[in-house]
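Single-structure report; data block below.
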Amino acid sequence: MSSQAAGRRVGPAEGGAVQLAPEHFLRVLAHRKWRVLGIWLLGSVATILIALRLPDVYTSETLILVDPQKVPEAYVKSTVTGDVRNRLGTLSQQILSQTRLQKIIEQLNLYPEDKKKGMAREDVIAKMRSDISVRVVSDFGATQDLQAFRISYSGPEPRLVAQVTNQLASQFINENLTARSVQAEGTTEFITNQKRESLKALDEQEAKLRDFKLKHVGEMPQQQTADLQLLGQAQSQYQLESEALARAEQQRDYLQSLMAQTAPVVDLDQGEQKGPASSGEKGRLALKPSVVAKARLAEMLSRYGEQHPDIRRLKSQIEEAEAREAKEAPVAAPAQVTAPVSSVKPAAVPAPPSKHYNPILQSQLRAIDDEIAKHKAEQQRLSKLVSSYRSMLDAIPIREQEVAQLERDYEISKAHYAQLLEKELSAKSATQLEMRQKGEKFEVLDSAQPAERPARPNRVLIDVGGSIGSLVLGLLLATAKEFYALSIIVPRDIAAVAGNLAVLGVIPIIRTQSDRRSRRRRVLLATSAVLVLTVCSAVAVLHYRGLI
């Protein structure tokens, strides 16, 4: 076999597939090393050049601390509740809105090149929104409350990037204070309105209860004892009036009996009645001792009771006088018969014409009649009063149920009003707390500073990735054709292709002077390429680190 056969490509022999050993691929790579090296060098240099031409992007970030409430919640409880994470999400949506970002872009003249290229306003805002990052510091665990978060912004100019970052942090802080103040004031206003409505309802309930008590005076449960006392007093007064009326009627009967027992004098010549005659004086009759005693008894009964000692003694004297007069009295003439008088209650005798009787008895009789009329009128008044008190006592159970319902509604309204009043005072304190910035707030812990080196692109990583990719590409291109056309490099490759054909001999490669010069040029070229690649990589690293 001649040296010209080395590197020939032939198809597989008829009748079977060729099994390629791993050593065959190594021989192929060694045979085509310059091709692999060339592809690797070209890809690496191209990657380095492309990475050097990529624009630098600087990133500035600021750390914002969630500062808790300064005043303990045991003294003032904040009305702004909710998870800080949720509130941070709401604030992010507000600050990253199209209106606010457009204002920042116009104020700081951001993305001028994109504007010159004719990029739409919505696309510019979307690009800025993608350059802004708000992330929570997760060093405290997912179950803990949010304690800090970071805001970062990326752009081509370090100082402008830091300015935008600080402005975004300031907007977060101000918007949080405004949102908390608005929420606190809204809560206070709502509670105040509720308190007004509750006070109005409380006044209505109080008016209903007051009107009910005024309408049903004396029928309230707490007035039952007083009603019973007044009823007892009225009944006692009624009993006293009844006793006084009975005494007055008895006195009247006595007076009427006295007037009936006192006979008038008849003048036979003129036919007129005269006054009572006294024995031996002008034909008048003298009054009996018992009659005088009965008149005195009637007078004393108007002042004292039946059980008074003088009354009892006078009654005994009357009885003795009547008994003595009954023994001494002669037989009465038919014209001078007197009606019997009972010692307890004489029967009423029709009175003759009053002008012929004793004027003293007539005056006493008129006084007794007036007293009887007064006692009867007082009895009627007391009877109505007793009936009124009894009606009040009968109505107390019904009024007790009605007033219990009114008092229950009143107490519920009163408790609700007191609760709202307490909440209003607490809400006002919480509002003052937010207005004076003593509540929970965001505080900048680390302000954004201009970056000294770009955050991206990472040229070292790009160069390494491009170099590795170029090497892999060269290896694939060097070995890809072996799967459909075998390259004959060594004698046993012929046996693998031709089957049972024997190799008679191998003619070695004879290298001439030109072949050696060509080989040296290739080696020199490869060494130079490696040196250039190394220098380019070093320059890229130094540029990435900001040293050049």
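Odds and ends about this structure:
- Taken together, the residues in the stretch 47-69 that are in contact with a Ser or Thr (Cβ under 8 Å, 6 or more places away or on another chain) and not β-branched (Val, Ile, Thr) amount to 4.
- For the stretch 219-231, a tally of residues being in contact with a helix residue (DSSP H, G or I) (Cβ under 9 Å, 6 or more places away or on another chain), within 22 Å of Gln379 (Cβ to Cβ) and not acidic (Asp, Glu) returns 3.
- Boolean, Val76 is in contact with a Leu (Cβ under 7 Å, 6 or more places away or on another chain) and assigned to a helix (DSSP H, G or I): no
Yes/no per residue for (1) basic (Lys, Arg); (2) modelled with pLDDT under 80; (3) farther than 30 Å from Ala430 by Cα:
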| site | (1), (2), (3) |
| --- | --- |
| Arg32 | yes, yes, yes |
| Asp56 | no, no, yes |
| Leu65 | no, no, no |
| Thr90 | no, no, no |
| Asp123 | no, no, yes |
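- Residues that are of a type outside the set (Ser, Thr, Tyr) and loosely packed, with under 13 Cβ neighbours inside 10 Å, drawn from the stretch 377-400: Ala377, Gln380, Lys384, Asp394, Pro397, Ile398
- Some residue of the stretch 103-110 being under 30 Å from Val464 (Cα atoms) and either surrounded by 15 or more Cβ atoms within 10 Å (Cβ to Cβ) or of a type in the set (Asp, Glu) (or both): no
- Qualifying residue in the stretch 249-261 (condition: in contact with a strand residue (DSSP E or B) (Cβ under 8 Å, 6 or more places away or on another chain), farther than 26 Å from Leu385 by Cβ and modelled with pLDDT under 90): no
- Cβ-Cβ under 6 Å pairs, at least 6 apart or on other chains, the stretch 208-227 side at positive phi and surrounded by 17 or more Cβ atoms within 10 Å (Cβ to Cβ), far side assigned to a helix (DSSP H, G or I) and aliphatic (A, V, I, L, M): Gly218/Met392
- Members of the stretch 438-452 found to be surrounded by 13 or more Cβ atoms within 10 Å (Cβ to Cβ) and either assigned to a loop (DSSP other than H, G, I, E, B) or in contact with a helix residue (DSSP H, G or I) (Cβ under 7 Å, 6 or more places away or on another chain) (or both), listed by number: Lys438, Gly439, Glu440, Lys441, Phe442, Val444, Ser447, Ala448, Gln449, Pro450, Ala451
- Pair list, Cβ under 7 Å, 6 or more apart: the stretch 159-174 residue of a type in the set (A, V, I, L, M) and modelled with pLDDT of 90 or more, other residue crowded, with 17+ Cβ neighbours inside 10 Å and assigned to a helix (DSSP H, G or I): Val164/Ile104; Leu168/Ile95
The values are calculated or read from the model by the stated rules, or taken from the named source; none is laboratory data. Owing to the predicted nature of the structure, the values given are computational and were not obtained by experimental measurement. Neighbour counts are summed over all protein chains in view; Cβ atoms, including those assigned to glycine, are modelled from backbone coordinates with ideal geometry.
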